[in-house]
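Readers should treat all values here as calculations from the given coordinates under stated rules, not as data from a laboratory. In this text, all values refer to a predicted model and were calculated from it rather than measured experimentally. For neighbour counting, all protein chains shown are included, and Cβ atoms are generated from backbone atoms with ideal geometry for every residue, glycine included.
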Amino acid sequence: MNPKSHEVIYDTLSLLNPITKLKYINPTLTKDCLHKNACFERDEAVKGIENNIYYCPHCSKPATSLNDLVADWRVNAYKEFNEYAEDVTVISGVVVNKYTRNKKRYLEFFTQTEYMNQFKQMFERASKDSSISSLIQKELESKQQNLNNQQKINFWSFCLQDRVKINIPVRIIGCKHYECYEITSLLSYQDQNKLKKEFLECNQPGCSNRLKIAHRDYTKQSNTPKSPELDEQEKIFDVQTLFSGICVDKDLLTAIKKSNPSSYKFYYNYIDKIIQEDIRIVNGKQADPFIEKIYQQHPDLQSKVSFEDFQKQIQQQAIAITQGDLLQETKELNKQVALYKYRNYTVNMKDKLTQLTIEYPIRCRLCKDLKVCMDMRSFIAQVNYKKKMFPKQGYTCPLCNSQLNQNITSMNISKQIYLDSNMLSYMFKDMSYTNGTQNFEYKGEQYMLQEFLDRQKIKRENYIAKLTDRKVLFKQLFCIVNKDKRIQKPLILQNCPVKNIVDFTSFYEELKKIDFDYEKEDLILCKCSVCSFIPIKTFVGNIYFHEAFYEALNKLSKIEDLKNCTEFSYQFEDTELESKVLNNRAATTNSKIKVVLPPTGVRDASNLQNVTGEEGFLDLMDDEEYQSIFRKTEIQGFEFRTQGLKQNIGGIEIDYQQQGIKANVKEAVEKINQNANQDLKRFQFNVVGMSVELKGDILRQNKGEFSYNIKQ
Ligand SMILES: [Zn+2]
Ligand SMILES: [Zn+2]
Ligand SMILES: [Zn+2]
Ligand SMILES: [Zn+2]
């Protein structure tokens, strides 16, 4: 590439000859030309030089020999970009597909020095390790897949933040998934949110990585008084902070540049080990199935325009739509889509005009039913057909029948339709609709729960770190909204003075009642003196998933006898495996091991009468089920053998060994007598013993919790 193209800081340039509107055959400059926006044909210059001298038609620099001619940057661009690309954007010497996004909101960063410095450095330090191809290769190696049985790996390159088509792909350092971000979306997000929050939580379901977007937490007051210089300095730190947490994926960028500028769909090429656009090729030429189908439906169109030209028009118009302008810029639309984010609904994925399965789900700005969509290419192709054949008519949306424009020729399609960002987030995760019913189940409730688990929760480790005593008594086991509902998935109300808890299912029901519009309607979950006056307007800062309580509830639910308890104690240890429900509040019945507990509270004679004593050892050498626990077990190639385990039930230590169960019953009885209250002592009540019995299947229940010791 002509080294001078590095001088272009930020500009959009055409790849075409402005006069012919075609690509140059051999784009050339003189070695002294400094302009990037135009060049000339080499042949013309050669002719001029044959007649002594050639002057550049743009800057009049002379060329007197062939050595004075150099290749224009377009020579490389023609190789790097898709045949349909007409305009490109150059940022600090990096040439990418043209950005059509809102300049003020997404592109102005590229005119500011620190952004440009960081942008350049990001490209310089880009490593292959963080590229999508190497992520895929690593995963394939770890799976050790049979080379003859390779499944097609598809990848949809839209931004995890705002679902626009990615132009410059960047990855948060540490993310292990293929999905990544569009750089302008991240910069814009930082610009609008850094004063409110220090981090952007990665949006990929199941990923809890995050990106620091502010160099300090602005919500906490700074001691230094504000000045314009300081503001500027802080901004520079913030830009540096963001860039230090991301890396550019050059492999994906190469694939995106080569692909059609409106295309999302890529696949992994096993042979070349690279990521490539997933397109349909017929007779050596690209043929989009949606556009082809519309074209074939209209013989009248075929006599007026060639398929190639028709396809090209549609793909050009699709670029702006995939960059998401309408949805991002229109507040009402944005809100309408946001209100559907957590609903459950079914979408028929059969495209209305072509009967093919929708891949780019769009609808018009006037469509009211968000459960209905059609494919972007099908819609645009239909508009182009009508424009060509019936230019004097208006245009009505095939989905909702609203008139979008009175005169189709003046209609700008990128102002009429938008891609559904909710659908794009999930429709590629479960693609079972591609065969059979063609119905896509949008599971908003499940996605919402996943978001709580990924991003909106009090982490177990943080909760435990704040405990002074790791034994916690959980007293609220029923939902604050629905008093009959036992809490299963606890959401804690952070600003409630008594920290009341709502079950996720009831919470979701409450959202349904107000049509998910908690911005407009009052969402009040707790009726306490504080909460009843402050409706919840945002989840952040208000409602969090309680990971530690969830763990405790889960363990509790596995203990048959405690299913109906109204409170319980839980002992938190470093790991979930070691942590346990403390069984001190209820007697265990119907279980293989029955411990008759020392009576608590007021003791009377009847409580103590039938407690009999014996030495607590039961010979289990013949108990087949018990012995099976101690056999060798293979886990991932390692051999394990259970050496033994210990349990504490109601103050009685029970030691399970291969030979049998040892319980310190005697000791426990003595302890109870020692601690018995003085009144009882006076009446000479004396506990004479307790018994340990084997019944039911507590051993089977506990199997999942055994810890294994590696056999020496
Ligand atoms: Zn020139
Ligand atoms: Zn991630
Ligand atoms: Zn419509
Ligand atoms: Zn409250």
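Within the range 185-208, which residues have the backbone N less than 20 Å from the label spot 7 Å out from GLN221 along Cα→beta-carbon, could you tell me?
Within reach of a label on GLN221: 195-198.
How many lysine pairs does the range 339-455 hold where the Cα atoms are under 17 Å apart and the two sit 8 or more places apart or on different chains?
Lysine pair count for the range 339-455: 12.
Run the dipole for the range 1-100 about the Cα centre, Lys and Arg Cβ at +1, Asp and Glu Cβ at -1, nothing else charged, and hand back the magnitude in debye, nearest 20.
60
Could you list the residues of the range 12-36 with an amide nitrogen less than 20 Å from a label point located 7 Å from the Cα of ASN51 in the Cα-to-C-beta direction?
Inside the label zone: 28-30.
Please grab the % of Cα pairs in the range 458-562 that end up more than 23 Å from each other. Present the calculation step by step, with values, prior to reporting the outcome.
Working: 1544 of 5460 pairs.
It works out to 28 percent of all Cα pairs.
Just check the range 112-279 against the gyration tensor rule for me: Cα atoms, a ≥ b ≥ c as the square roots of the eigenvalues, rounded for a/c under 1.5, and otherwise prolate or oblate depending on whether a/b exceeds b/c.
Note, shape of the range 112-279 comes out prolate.
Report the rotationally averaged projected area of the range 198-280 based on its alpha-carbon convex hull, in square nanometres.
Mean shadow area of the hull around the Cα atoms is 8.8 nm².
List the pairs from LYS483/LYS512; LYS196/LYS580; LYS103/LYS331; LYS138/LYS265; LYS475/LYS580; LYS103/LYS285 whose alpha-carbon separation is above 27 Å, in the order I gave them.
Over 27 Å apart, Cα to Cα: LYS196/LYS580; LYS103/LYS285.
Where the only charges are on Cβ atoms (+1 Lys, Arg; -1 Asp, Glu), what is the dipole of the range 458-562 about its Cα centre, to the nearest 20 debye?
For the range 458-562, the charge dipole is close to 400 debye.
Taking the simple approach of a point 7 Å from Cα along Cα-to-Cβ for both ASP43 and VAL305, what is their distance in nm?
2.9
Please work out how much length the chain gains when fully extended from LYS371 to LEU22, using 0.36 nm per residue of separation minus the C-alpha to C-alpha distance, in nm with one decimal.
This chain segment gains 121.4 nm when fully extended.
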